[in-house]
Structures are given as C-alpha cells and as structure tokens.
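The structure under discussion appears below in the form of structure tokens.
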Amino acid sequence: MKFVVYRLADTQYATPVEQIESIERLLPIRPVPGSENFELGVANLRGTVISVQDLRKKLGVEAAEPDQEARLLIAQGIGYLVDAALDVIDVDDSQWERVAGGRVWNRGDTLVLEYSLV
C-alpha cells in the first residue's frame, strides 16, 4: 500500500495515499473568527475555498511558524498544514507493528506513525 510520509517537528507520519487529493505549497490563509484553535482559516485553492488546519495543533505538537518546506496535504476539501512532505512510498502491511491502538513502521532508524486524515 502506498503512503505519503510527512514530518511534524521531529516525528514522521504516514497517511494512505488514497486519502490525499494533492500536496500543495502554503497558500495565503484568511482567519475565520470563532473557529477551533487548530483551524487556521480558509484559503483559495484553484478557485475552491478550503478549510486549513494546523496538524501540529490538532495532534498536540508544539506550535511553530511554517517555513519554505511547509506543505498542505489536501484531503476531502481540507488542507492540513505539515512541516514537510517527505516521500510517497510503498509499505507492505507486514512492515507495520501494532502499538497503543495505532500502527508504527520502523523505517531504518526512524519510527513512522500511521495517521488517517479522514
């Protein structure tokens, strides 16, 4: 199965590629008053308005300002801000280990956590 691998702080995550519609550079974001703390606002993606969420805040990872490597993972009309998109890679089901209600892939010297965006 193919996964998109991305980074938040020092941790790598993997989401099944079929959940990701596209990977985009950061877009201008307009805040929406009264939204959740992880909701950054809305953005115009090729003529379509999308909601943008900070995946760091949503997962309880310490906040940081996006830099030039930051990307938006687009899934079901929502843009998820990540620190960097690293790879699209095939990972066999047998390579995943069940841990604490989730799955972890030991990728060399890096542990990659599976995370579903939908």
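Every number here is computed from the coordinates shown, using simple stated rules; none is lab data. Every value quoted in this text rests on a predicted model; they were computed, and no experiment measured them. FYI the Cβ positions are ideal-geometry reconstructions off the backbone, even for glycines, and counts take in every protein chain you see.
Calculate, in nm to one decimal, what K57 and E36 gain on full extension: separation in residues at 0.36 nm each, minus their alpha carbon distance.
Numbers: separation 21, 0.36 × 21 = 7.56 nm, distance 1.01 nm.
That works out to 6.6 nm of additional length.
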* **Förster radius 22 Å - calculated FRET efficiency between Q68 and N44, Cβ distance, rounded to 0.05** => 0.60
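By how many nm would the segment from L111 to L26 lengthen if fully extended, with 0.36 nm per residue of separation less the alpha-carbon distance? The partial results should precede the final answer.
Numbers: separation 85, 0.36 × 85 = 30.60 nm, distance 2.62 nm.
Stretched out fully, the L111 to L26 stretch lengthens by 28.0 nm.
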* Using θ = phi - 60° and the Karplus curve 6.51 cos²θ - 1.76 cosθ + 1.60, what whole-Hz ³J(HN,Hα) does each residue of segment 93-110 get, with Gly and Pro shown as x? -> 3, 5, 7, 8, 10, 7, 9, 6, x, x, 10, 10, 10, 8, 9, x, 9, 10
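With Cβ to Cβ distances under 10 Å as the rule, what net charge do the other residues near I78 carry (K, R +1; D, E -1)?
Working: positive: none; negative: E21, E39.
Every neighbour counted, the sum reads -2.
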* **Summed residue charge, Cβ within 11 Å of Q53's Cβ, Lys/Arg positive, Asp/Glu negative** => 0
* To do: Please work out which option in (1) 1.08; (2) 0.97; (3) 1.32 gives Rg/Rh (Cα atoms, Kirkwood Rh) calculated from these coordinates, and answer with its label.
  => (2)
* Just going by the charge dipole of the chain, with Lys and Arg at +1 and Asp and Glu at -1 on Cβ, which of L40, V17, Q95 is farthest out on the positive end? -> L40
